[in-house]
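Report on the following structure.
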Amino acid sequence: MGLTLSWVAVSGLAKDEVLARLGLEDSGEPAEFYQRRAQTCAELPSGWVLLARGEIDDFKAAELATLSQGARLISAYCSETVMFSGASGWKDGVCTWAIDHNPERGLSDLNIEGDPPPQLAAILAEARAVQAEEGGDEADVDMVFDLPKDLAEALCGWHPDKDNADWGEIEFTRLRRLGEPDPPPKPGWLARLLGR
């Protein structure tokens, strides 16, 4: 089973403000960004605040509009199971551009709306050239699928499939709703074995 993930990177707001706008707080508990049904957060060395959820297209337009007030926001999602991916850019509550890839429309498909960042042209040209070398829409590989992730990386510095050698490992923590209590501690293996 492949990676299924939605993530948002916000520039121009402190982490606490990003979380407060969504009614969330940091639990301080380490977590993997790809955990299903979990919300996680990290502060990137590039200055962006990253939120990740282990579901596809999980951030709603109202959340993105709220988070982008007075800030710049990149939203992206992917599902390796169905090879569907997309990204969008928001500023001051408005979606300024969006791209999405659906292989059912062809392996070289990329739907583009609005005014995407200039980095898109070079990333798209490279992906389509490699796709053509591999056999175009008849190929066994989908090179355009990674394009939304690659564009998001070009903008905020983070890619879910790559390590940034300059940054080292990014530490994610689990988020919870404001006021949600900490989960009870899990009993150790001996206590579980003895039924305690």
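The values are calculated or read from the model by the stated rules, or taken from the named source; none is laboratory data. Computed from a prediction, not measured in an experiment: that's the story for all the values here. Backbone-built Cβ (ideal geometry, glycine too); neighbour counts: all protein chains shown. Note: areas computed on protein heavy atoms with side chains; ligands, DNA, RNA excluded. Shrake-Rupley method; radii C 1.70, N 1.55, O 1.52, S 1.80 Å.
List of remarks:
- Total charge dipole magnitude, the stretch 70-187, about the Cα centre, Cβ charges on Lys, Arg, Asp, Glu only, Debye to nearest 20: 760 debye
- With θ taken as phi - 60° and the Karplus curve 6.51 cos²θ - 1.76 cosθ + 1.60 applied, the whole-hertz 3J(HN,Hα) list for the stretch 116-131 is x, x, x, 4, 4, 4, 5, 5, 5, 4, 5, 4, 5, 5, 5, 4 Hz, x standing for glycine and proline.
- Local charge for K149 was computed over the other residues whose Cβ lies under 11 Å away, with Lys and Arg +1 and Asp and Glu -1, and equals -4.
- Debye equation applied to the C-alpha atoms of the chain, log10 I(q)/I(0) at 0.14, 0.15 Å⁻¹: -0.81, -0.91
- Two-site label geometry, V130 and T81: point separation in nm, points 7 Å out along Cα→Cβ: 2.5 nm
- Positive-end residue, the chain charge dipole about Cα centroid, Cβ charges, pick of L50, P103, Q131: L50
- Computed with a 1.4 Å probe over protein heavy atoms only, the accessible area of Y34 comes to about 110 Å².
- Computed from phi, the 3J(HN,Hα) profile of the stretch 74-83 under the Karplus parametrisation 6.51, -1.76, 1.60 (θ = phi - 60°) reads 10, 10, 8, 8, 7, 9, 6, 5, 10, 6 Hz, with x in place of Gly and Pro.
- Net dipole in debye of the stretch 50-90 [+1 Lys, Arg Cβ; -1 Asp, Glu Cβ; about Cα centre; nearest 20]: 180 debye
- Dimensionless Rg/Rh of the stretch 1-68 - Kirkwood Rh, Rg from C-alpha atoms: 0.94
- Local electrostatic count, R72, Cβ distance below 13 Å [Lys/Arg +1, Asp/Glu -1]: 0
- Only aspartates and glutamates eight or more places from K162 in sequence, or on another chain, were considered; those with a Cα closer than 16 Å are E32, E80, D146, D150, E153, E171.
- Within-9-Å neighbourhood charge of K15 [Cβ basis; K, R +1; D, E -1]: -4
- Ordering of 161-170, 78-87, 146-155 by packing [mean C-beta count within 10 Å, highest first]: 146-155, 78-87, 161-170
- Taking θ as phi - 60° and the Karplus parameters 6.51, -1.76 and 1.60, the scalar couplings of the stretch 17-29 work out to 5, 4, 5, 4, 5, 9, x, 10, 9, 7, 7, x, 7 Hz in sequence order, x denoting glycine and proline.
- Each of R176, R128 has its accessible area taken with a 1.4 Å probe; listed largest first, they run R128, R176.
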